[in-house]
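Let me begin by presenting the structure, written as structure tokens, before commenting on it.
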Amino acid sequence: MNLSNIYKNCPGCGSFKSKRIINCNNKSENLINSWINIHEERFFLPFTVCQKCSLYYVTKYFSKNKLDFLYNQLNDNNFANNDNAHLKTQNSYLELIKKHFEKKTHTHIIEYGPDLGILTEGVKRYYNPSKYFLIEPNTKHHPNLKKLSNTQIYENDDFINKLDNESIDLIIMVHVFDHILNPYEKLKILHKKMKKSGKIILVTHNTDSLLRFIQNKNWAPFCLYHPQLYNRKSLKILFKRSKFSKIKFSNTLNVFPLGIYLNGLTSLVNIKTNFKFGPNLKFPVGNIATISTK
């Protein structure tokens with residue numbers, strides 16, 4: 001599977017100045033296998049770092065059509081391989097949304113990447129939106145998502161262009177924005193579709209996190225899934241460029257079994273382990289939430 005040239009300049013701020021390259025030590029003989037076995041193979045594409053906004057981005061990546069194919073090869077996104085831990089993490093995202101977005105009548109919501117629909121179910125139960133649009137590129141999850149009443153499920157977000165301007169109250173992206181191509185163009189479109197009081201809430205990895213610098217190239221977000229990776233600076237510049245206001249940041253917590261955290265520690269000395277034992281622990285792993293108002 002061949003790669004395409006996707007970015008000539010920074011997809012966040014537009015700058016043509018980059019300051020360094022982060023290369024992967026390994027090579028991939030088969031990009032499809034590397035994509036599917038993402039947690040087994042340490043392979044990622046070289047990242048350019050923008051000199052102006054510090055966004056990490058790749059210059060070559062998969063085309064949109066190829067991404068549609070690749071996402072349909074994946075199973076669910078339960079990294080912890082522990083249903084209880086996954087549920088607790090999703091519930092923590094729900095509490096974040098409830099903290100920053102009040103209940104309204106006739107709420108219109110867009111959620112990117114609902115996956116198993118755990119967060120979706122919580123949002124639906126709490127807000128009872130009159131319209132709930134779900135965008136899930138992995139069609140394997142569609143039958144399960146269809147069990148949630150009063151939702152509309154799409155494989156991609158092309159339908160958003162047909163929505164009325166200023167019609168959306170809330171947009172949710174939990175570990176999705178790192179995957180989206182052309183983030184500036186995407187935010188411009190979403191900005192038009194949001195009501196004047198509308199909010200966007202997203203969770204991303206953080207390239208400025210302590211874990212990123214401790215693990216260096218062994219940092220898990222360095223993988224094929226991410227054409228770009230963010231930090232507070234790059235997100236703030238990107239959102240301001242896209243005309244958003246009142247930008248807030250918050251650290252998020254994840255729940256994993258003790259063994260998952262130990263795997264991260266052993267990776268520091270280049271020892272690969274696959275522990276899954278121990279109690280579930282809530283801990284900040286360097287992810288950040290961005291909350292912004294139109």
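The values are calculated or read from the model by the stated rules, or taken from the named source; none is laboratory data. Given the structure is predicted, the values throughout are model-derived calculations rather than measurements. Heads up, the Cβs are rebuilt from the backbone with ideal geometry, glycines too, and the neighbour counts pull from every protein chain shown.
Tally time: how many residues in the range 1-43 are in a strand (DSSP E or B), in contact with a Phe, Trp or Tyr (Cβ under 8 Å, 6 or more places away or on another chain) and surrounded by 16 or more Cβ atoms within 10 Å (Cβ to Cβ)? Matching residues across the range 1-43 total 1.
Within the range 111-131, residues that are closer than 20 Å to residue 194 by Cβ have Cβ atoms under 7 Å from residues that are basic (Lys, Arg) and modelled with pLDDT under 95 in these pairs: 127/103, counting only partners at least 6 apart in sequence or on another chain. For the range 209-232, the criterion of a residue being of a type outside the set (A, V, I, L, M), buried (at least 20 other Cβ atoms within 10 Å of the Cβ) and under 18 Å from residue 166 (Cβ atoms) is satisfied by no position. Of everything listed in (1) farther than 30 Å from residue 73 by Cβ; (2) surrounded by 13 or more Cβ atoms within 10 Å (Cβ to Cβ), the single unmet condition for residue 164 is (2). Filter the range 65-111 for residues that are crowded, with 18+ Cβ neighbours inside 10 Å, at pLDDT below 90 and among the β-branched types (Val, Ile, Thr) and give the result. Passing the criteria: only 89. For the residues 255, 269, the requirement of being surrounded by 19 or more Cβ atoms within 10 Å (Cβ to Cβ), at pLDDT below 85 and either outside any helix (DSSP H, G or I) or small (Gly, Ala, Ser) (or both) singles out 255. A single entry from 294, 276, 282 fulfils the requirement of being modelled with pLDDT of 75 or more, farther than 21 Å from residue 178 by Cβ and of a type outside the set (S, T, N, Q): 294.
Of the set (1) of a type outside the set (Phe, Trp, Tyr); (2) under 19 Å from residue 177 (Cβ atoms); (3) out of contact with any strand residue (DSSP E or B) (no Cβ under 9 Å at 6 or more places or on another chain), all apply to residue 147 but (2).
Restricting attention to the range 188-197, the residues that are touching a Lys or Arg at 6+ places or on another chain (Cβ under 8 Å) and either free of Cβ contacts under 8 Å to residues at least 24 places away in the same chain or farther than 8 Å from residue 166 by Cβ (or both) add up to 3. When residue 53 is tested against the conditions (1) modelled with pLDDT of 85 or more; (2) surrounded by 19 or more Cβ atoms within 10 Å (Cβ to Cβ); (3) under 16 Å from the mean Cα position of the chain (by Cα), the lone failure is (3). In summary, strands (runs of 3 or more DSSP E) completely within the range 129-190 and bearing 2 or more residues that are closer than 10 Å to residue 114 by Cβ occur at 131-135, 168-174. Only a single criterion out of (1) in a helix (DSSP H, G or I); (2) under 27 Å from residue 5 (Cα atoms); (3) modelled with pLDDT of 95 or more; (4) not acidic (Asp, Glu) is not satisfied by residue 217, namely (3).
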